[in-house]
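What follows is a set of notes on a single structure, which appears directly below.
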Amino acid sequence: MKSSSKIRVLLVDDHFFVRLGLARALNREPDFKVVGEAGNGTEAIEVFRRVKPDLVLMDYHMPGRNGVAVTRALLREFSAARVLMLSIDEKEEDVHRALAAGAAGYLPKATQREELLRAMRTVHAGERFLPPTLAALLTARVPANELTPRELEVLELVSKGLSTHEIAHVLGCAKTTVKWHFKNIMQKLEVSGRTEATRAALERGILHVE
């Protein structure tokens with residue numbers, strides 16, 4: 001296969017050895033060629049502008065802008081960009097956010113080689129790729145229960161152990177407002193307290209352990 005007919009890939013991951021391993025594996029395939037690498041979101045956009053890849057393998061969790069934010073920025077500038085998200089997380093909210101940002105596929109980092117290659121070829125062909133387990137998670141997801149940006153802020157502060165008074169001070173609002181937001185949070189997550197709310201948010205991927 002001629003080099004010009006190969007799928008040109010940009011690797012985006014903040015770990016050098018992850019990029020090295022992917023590059024070595026992909027460059028051994030007859031239909032792939034790694035044409036660029038980036039270790040953070042800003043670099044990813046700069047490299048994309050320069051090399052114009054056919055496909056981006058995007059890490060979800062990176063310092064600064066995460067893969068979702070970078071994907072959203074890429075799609076705003078390059079509407080035809082094809083992004084396949086790779087992540088250590090397999091939670092419904094992570095998958096939902098990635099696809100909502102414009103990613104055409106989502107794979108756990110523990111995915112085996114053959115499935116990764118199949119996913120890359122599928123996404124490059126203009127189709128969406130999700131493993132059956134992740135597709136099932138999205139099917140079971142209830143959009144009406146999505147938290148608002150303010151509710152997410154309150155939930156994050158609750159998960160850090162802040163009191164209602166402290167949260168009100170941080171957000172610059174009344175304690176009654178914080179209580180109202182948290183009541184909505186509990187209803188949407190179907191929980192009855194702070195500990196349960198934090199646990200449910202972590203299990204679903206709404207919050208992440210820093």
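The values are calculated or read from the model by the stated rules, or taken from the named source; none is laboratory data. All figures in this text were calculated on a predicted structure; none of them were measured in a lab. Cβ placement follows ideal geometry from the backbone for every residue including glycine, while neighbour counts extend to all protein chains displayed.
Descriptive notes on the structure:
- Top-ranked residue of segment 83-116 - restricted to ones that are surrounded by fewer than 16 Cβ atoms within 10 Å (Cβ to Cβ) and among the hydrophobic types (A, V, I, L, M, F, W, C), ranked as modelled with the lowest pLDDT: ILE88
- Any chance HIS61 is in contact (Cβ under 8 Å) with a residue 12 or more places away in the chain, in a loop (DSSP other than H, G, I, E, B) and not charged (D, E, K, R): yes
- Residue match in segment 148-169 (condition: surrounded by fewer than 14 Cβ atoms within 10 Å (Cβ to Cβ) and among the hydrophobic types (A, V, I, L, M, F, W, C)): no
- Residue match in segment 123-145 (condition: more than 24 Å from ALA104 (Cα to Cα), more than 18 Å from the chain's Cα centre (by Cα) and part of a helix (DSSP H, G or I)): no
- In segment 189-208, the residues that are β-branched (Val, Ile, Thr) and either within 18 Å of LEU138 (Cα to Cα) or part of a loop (DSSP other than H, G, I, E, B) (or both): VAL191, ILE206
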